[in-house]
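The values are calculated or read from the model by the stated rules, or taken from the named source; none is laboratory data. Predicted, not measured: the structure shown is a model, and the values here were computed from it. Quick reminder, even Gly has a Cβ in these numbers, built from the backbone with ideal geometry, and neighbours come from all protein chains shown.
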Amino acid sequence: MKEYSASAKEALGESEVFLDFQQHLSRAAKVNRPMLIIGERGTGKELAASRLHFLSERWDKPFVTMNCASLPPGLIESELFGHEAGAFTGASGRRKGRFEEADGGTLFLDEIGLIPMEVQEKILRAVEYGTFERVGSSYTHEVDVRIIGATNDDLPAKCEQGKFKEDLLDRLSFEVLFVPPLRVREEDILLLAFHFAARMNRELGRSDDITFSDDIIDKMVSFHWPGNVRQLKNVVERAVYTCSDGLIKEVKLDPFENPFREKIPDEAITTADIPIENYKTAMKELEIDFIRRALKKCGGKQKDAAEMMQLTYDQFRGLYRKYSDELAEDD
C-alpha cells in the first residue's frame, strides 16, 4: 500500500481547462460513490485519484492503489481479494487483499480495463453489497471501500466487445472525470517547466537560477506533448542536468533520437507543380508526407503519430499499410 503525504496531493496549473477540472474533481470528491478517471498516459490520473480521496470524508483512512497492468491476469483476483493458505501453488500462507487493506478508505484501480471478466464479477459484488471471499475460502468478509478506476481505454466499446461487464461499468460510472491532456493546457506548460526545472536544480545541489531561452520556450509551448506532464517533466529534468550556466538553450524531446541515423528532410512537399488533374497523386504524396513527418516528430511511435494527426490508431495503421512500400524506403 502506498502512503501519501500532503505534497502528493498537490496539483499545479492555472489554465482555465485545468482549473475547471479541479473544481469538478473537488465537487465529485464529496460524494461517496465509485468513479472513473479517463486520461491519456502521463496526465496524472493517480494524482487525480489521490485528490479525490484526500478531499473526501475518507481522507484519514487508507488510500490503496493497484496498477492492473503490472500484474499477470491470473494474480489479479488474489491481489484484490487475498487468499488462504494452499489456495493455489505458491500460496504458503493467508494473505489480505487490497480490498481489506482499503477498508474504510479508497481503492484506486489503475488500468481497470485490463481486469479479467471473472474478477469483474467479484468486484461488482463488492461494490453492490460490500462483501467478498478470499481465494480458496467460502467465508464472506464485509468491507467498506470506495473504488476509483482509471483508464485510457474506451470502456463502453469494451462492453460491446464482451471484454468488460456492463453492470460493473454502470456502477463505476456514477461520475466520469476526463483529465485534460497537456496540449490543451498551453498556459500551464511553462509554469510546470519552471517548477520541474527548479526542483531538479535543487536536487543537483545548485544555487543558480534556471531559465529557458526564447527559442526553447517557443519549442516547448508549440510541442504536442504526446506523453503529457510526465514527458514534460523528463524533458525538463534532462535539460537541467546537462545545462552548465543556468540558461537552457537546448532540450531533447526524444531521448531515443539517434544522432547517427541519416536524417529525413523536414521540408513539406509542395503540390504547386502537380497538375490539377492529377488529384489522386497529389493526395497520395501529401498523406505519405504527413505520415513521415508525424513519425519523425514522435520518434517512430505510431500511436503518438496517430494522435498528433488527430486520427484513431486504426485509421493511422490503415494509411500506413496503404503506403507501406513507400514508407519502407525510409527504414
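Quick grid of which residues meet (1) at pLDDT below 80; (2) surrounded by 13 or more Cβ atoms within 10 Å (Cβ to Cβ):
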{"site": "234", "(1), (2)": "no, yes"}
{"site": "238", "(1), (2)": "no, yes"}
{"site": "248", "(1), (2)": "no, yes"}
{"site": "274", "(1), (2)": "yes, yes"}
{"site": "277", "(1), (2)": "yes, no"}
{"site": "286", "(1), (2)": "no, yes"}
{"site": "300", "(1), (2)": "no, yes"}
{"site": "323", "(1), (2)": "no, yes"}
Given the options 57, 40, 77, 118, name the one that is among the acidic types (Asp, Glu), part of a loop (DSSP other than H, G, I, E, B) and free of Cβ contacts under 8 Å to residues at least 60 places away in the same chain. 57
Between 43, 89, 65, which is at pLDDT below 90, of a type in the set (Val, Ile, Thr) and farther than 14 Å from residue 123 by Cα? 89
Output the residue which, of all residues in the stretch 185-213 that are small (Gly, Ala, Ser) and assigned to a helix (DSSP H, G or I), is nearest to residue 224 (Cα to Cα). 193
Restricting the first residue to the stretch 287-312 and requiring it to be closer than 12 Å to residue 254 by Cα, which pairs with a second residue that is surrounded by fewer than 19 Cβ atoms within 10 Å (Cβ to Cβ) meet a Cβ separation below 6 Å and a spacing of at least six or different chains? 296/264; 299/254; 299/256
Just to be sure before I move on: is residue 189 without any contact (Cβ under 8 Å) to a residue 60 or more places away in the chain, surrounded by 14 or more Cβ atoms within 10 Å (Cβ to Cβ) and more than 15 Å from residue 114 (Cα to Cα) in the structure I sent? yes
Residues of the stretch 125-162 being over 18 Å from residue 37 (Cβ atoms), among the basic types (Lys, Arg) and buried (at least 16 other Cβ atoms within 10 Å of the Cβ), in sequence order, are 134
